[in-house]
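Trainee: Let me begin by handing over the structure; questions about it come next.
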Amino acid sequence: MSDVYEDEVLSDVEGEEETRIKEVGEDEKMQAFHLTKETISEGLSLLCRTGNGLGHAFVRLDLKKRGLNDIAAISSYIHIRFLDLSNNYLTDLSPLASLNQLLWLKVDSNAVSCFKGQPFAELIFLQWLSMAVNQLKDLNGLDGPSLESLNLTGNSIQRVNGFQTGHFANLVTLELRGNHLETTDGINLPNLQRLYLAQNVIKHLEGLEKLERLTILHLRDNQLETLDGLSPNMKCLQYLNVRGNAITDEKALQSLGLVSKTLRILVLSENPLVETLDYRLSVLILIPQLERLDKEPVSLEESIEAQRTIRELTEEEIPEP
């Protein structure tokens, strides 16, 4: 279980990095430029054999913080596999359509609001994509048949209606932190393993029954009053973070029983419920095998007390002969 807990620590670090990126984008006012061959030459590195094996070409291109508002000149560099365009002024990514060897793409801190020309439909080998801190409001035109990791943190997405298995069949990690989501509905990805939805305005858990392989669900700093919506189909869920929501009483936790067989780490801190007496015991009665509650490991004494209480409750339910 240490790997799962490390993912949570990592997510906090990544959140700090996202804040830092956003600050750089707001504070540094650079003059806008068109991309030139000279600028491309300065950013090229990593000489590799080309895909057809007949020659060699540079496959890595670093164009971050170049003040770019146009990348039309990139379209002829078809051998690029790793591309960093972060911290520029880009609104149009359509020139990327010709870079059909791309494996890794970072476009953080730009001004992309839509996918003109649907360039991602051509990037059939793209495995890792980060578009944090842009101006996206929806996912129309986004495609990723080979994508394994997608980061859309810090946009203005209100609803996810584009995540269908056919378009994102290989997606394992999805980050949608810091958007405007009100629900979890629409993420129809049965192969997804890690889902980060912190800092939205989510009020309802919906559609989660489709996430059969999910191991990590991160919902910190939303507006949940109940955990209704958790599903027994979530047979792999090990880590659930609902820190900083509006969960007030034990009744709101009843759905935890549906995932109790697999859940090992639960974060409930900064909810009104935490201020009530014996809330840890109440949780452990629902999930006896929990290993960590909030940041504290479950002690042997707590486990024994929970098991004793469960036995007493069970005996009370058995009718006298």
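Trainee: Look at L214 and say whether it is within 22 Å of S146 (Cα to Cα), hydrophobic (A, V, I, L, M, F, W, C) and modelled with pLDDT under 95.
Mentor: no
Trainee: On the given criteria, is L211 on the phi < 0 side of the Ramachandran plot and surrounded by fewer than 22 Cβ atoms within 10 Å (Cβ to Cβ)?
Mentor: For L211, the condition - on the phi < 0 side of the Ramachandran plot and surrounded by fewer than 22 Cβ atoms within 10 Å (Cβ to Cβ) - is not met.
Trainee: Please determine whether any residue of region 280-292 is out of contact with any Leu (no Cβ under 6 Å at 6 or more places or on another chain), loosely packed, with under 14 Cβ neighbours inside 10 Å and in a helix (DSSP H, G or I).
Mentor: Checking region 280-292: at least one residue is out of contact with any Leu (no Cβ under 6 Å at 6 or more places or on another chain), loosely packed, with under 14 Cβ neighbours inside 10 Å and in a helix (DSSP H, G or I).
Trainee: Can you tell me which residue is nearest to N155 (Cα to Cα) among those in region 112-137 that are out of contact with any Lys or Arg (no Cβ under 9 Å at 6 or more places or on another chain), assigned to a loop (DSSP other than H, G, I, E, B) and of a type in the set (A, V, I, L, M, F, W, C)?
Mentor: By that ranking, first place goes to L136.
Trainee: Report every pair of residues separated by at least 6 positions or lying on different chains whose Cβ atoms are under 8 Å apart, first residue within region 122-144 and touching a residue at least 60 places away in the same chain (Cβ under 8 Å), second assigned to a loop (DSSP other than H, G, I, E, B) and of a type in the set (V, I, T).
Mentor: Here the result reads A132/T153; V133/T153, each pair linking region 122-144 to a residue that is assigned to a loop (DSSP other than H, G, I, E, B) and of a type in the set (V, I, T).
Trainee: Can you pull out the residues in region 249-276 that are within 18 Å of V201 (Cβ to Cβ) and either touching a His at 6+ places or on another chain (Cβ under 6 Å) or of a type in the set (S, T, N, Q) (or both)?
Mentor: Passing the criteria: only N271.
Trainee: Being within 15 Å of the chain's Cα centre (by Cα) and of a type in the set (V, I, T) is the filter here, so list the residues in region 154-200 that pass it.
Mentor: Listed by number, the residues that qualify are I157, V160, V172, T173, T183, T184, I187.
Trainee: Still on this structure, please answer the following. Between T262, T314, which is among the polar types (S, T, N, Q) and not in a helix (DSSP H, G or I)?
Mentor: Matching residue, one of T262, T314: T262.
Trainee: Quick one: S41 ticks every box in (1) at pLDDT 90 or above; (2) surrounded by fewer than 19 Cβ atoms within 10 Å (Cβ to Cβ); (3) in a loop (DSSP other than H, G, I, E, B) bar one, so which box is it?
Mentor: S41 satisfies every listed condition except (3).
Trainee: Would you pick out the residues in region 184-205 that are farther than 17 Å from R243 by Cα, at pLDDT below 95 and surrounded by fewer than 22 Cβ atoms within 10 Å (Cβ to Cβ)?
Mentor: Within region 184-205, D185, G186, N188, P190, N191 qualify.
Trainee: Of a type in the set (G, A, S), in contact (Cβ under 8 Å) with a residue 24 or more places away in the chain, under 28 Å from L181 (Cα atoms) and touching a Leu at 6+ places or on another chain (Cβ under 7 Å) - does that describe any residue in region 228-239?
Mentor: At the first step, the residues of region 228-239 found to be of a type in the set (G, A, S) are 229, 231.
From what is left, the residues that are in contact (Cβ under 8 Å) with a residue 24 or more places away in the chain are 229, 231.
Checking which are under 28 Å from L181 (Cα atoms) leaves us with 229, 231.
Filter again for touching a Leu at 6+ places or on another chain (Cβ under 7 Å), leaving 229, 231.
Within region 228-239, one or more residues are of a type in the set (G, A, S), in contact (Cβ under 8 Å) with a residue 24 or more places away in the chain, under 28 Å from L181 (Cα atoms) and touching a Leu at 6+ places or on another chain (Cβ under 7 Å).
Trainee: Being under 28 Å from Q135 (Cβ atoms) and either at pLDDT below 95 or exposed (fewer than 15 other Cβ atoms within 10 Å of the Cβ) (or both) narrows it down to one residue among A57, A72; which is it?
Mentor: Residue meeting the stated conditions: A72.
Trainee: When you check L150 against the structure, is it within 20 Å of R213 (Cβ to Cβ), part of a loop (DSSP other than H, G, I, E, B) and at pLDDT 95 or above, yes or no?
Mentor: Against the criterion (within 20 Å of R213 (Cβ to Cβ), part of a loop (DSSP other than H, G, I, E, B) and at pLDDT 95 or above), L150 does not qualify.
Trainee: If you don't mind, another one. For I304, state whether it is in contact (Cβ under 8 Å) with a residue 12 or more places away in the chain and not polar (S, T, N, Q).
Mentor: no
Trainee: For region 294-321, which residues satisfy the criterion of being in contact with a Ser or Thr (Cβ under 9 Å, 6 or more places away or on another chain) and at pLDDT 95 or above?
Mentor: Across region 294-321, the qualifying residue is only D294.
The values are calculated or read from the model by the stated rules, or taken from the named source; none is laboratory data. No experiment lies behind these values; they were computed from the predicted model shown. FYI the Cβ positions are ideal-geometry reconstructions off the backbone, even for glycines, and counts take in every protein chain you see.
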